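The values are calculated or read from the model by the stated rules, or taken from the named source; none is laboratory data. Just so it is clear, the structure is predicted and the values come from calculations on it, not from any experiment. Accessible surface areas use protein heavy atoms only, side chains included; no ligands, DNA or RNA. Shrake-Rupley method; radii C 1.70, N 1.55, O 1.52, S 1.80 Å.
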Amino acid sequence: MQRVSSQRCRELYEEEKVPKIRRRYRVKNFVEGVKFFNDICEIAESENHHPDLHLEGYQHVTVCIYTHSVRGLTENDFILAAKIDGLQPKLSKYHKSKQAQQTTK
């Protein structure tokens, strides 16, 4: 199982003037993507804070976090991001951390 440094993989971005936290993963396969979603779901329910989850191309997972009610970021977003970072999905051998992508350019 491959593990990458958490904070370096997160990115802050803005969509429609709303700041958000995003992290992308390339998981081993579709089943691992769905398992990862379920693990995130358990955390989100316990925190009563729900991220936007995307699964594309059967193994590309994107997690987007922001507080919908304030249309921005709050402390709860960073807490949720840190808890999700603690999960260890089975990653594809082709998964690259943001840091690795920057050093190969």
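To the nearest 10, the accessible area of Ser46 is 90 Å² with a 1.4 Å probe. Amide H contacts of Leu91 (H built 1.01 Å from N, in plane; Pro and chain starts excluded): Gln2, Lys28 sit under 5 Å, all sequence-distant by 5 or more or on other chains. Taking N as the residue count of the range 24-86, its C-alpha radius of gyration divided by 2.2 N^0.38 Å amounts to 1.11.
Karplus-based coupling profile of the range 33-41, in residue order and whole Hz: x, 5, 4, 4, 4, 5, 5, 5, 4, with θ = phi - 60° in 6.51 cos²θ - 1.76 cosθ + 1.60 and x standing for Gly or Pro. Applying the Karplus relation 6.51 cos²θ - 1.76 cosθ + 1.60 with θ = phi - 60° to the range 73-83 yields 3J(HN,Hα) values of 9, 10, 4, 4, 5, 6, 5, 4, 4, 5, 5 Hz, where x marks Gly and Pro.
Of all lysines in the structure, the ones whose alpha carbon falls short of 17 Å from that of Lys96, not counting any fewer than 8 places away in one chain, are Lys28, Lys105.
Surface calculation, 1.4 Å probe, protein heavy atoms: Glu56 sits at approximately 110 Å² accessible. For Thr74, the accessible area of its heavy atoms, probed at 1.4 Å with every protein chain present, is near 40 square angstrom.
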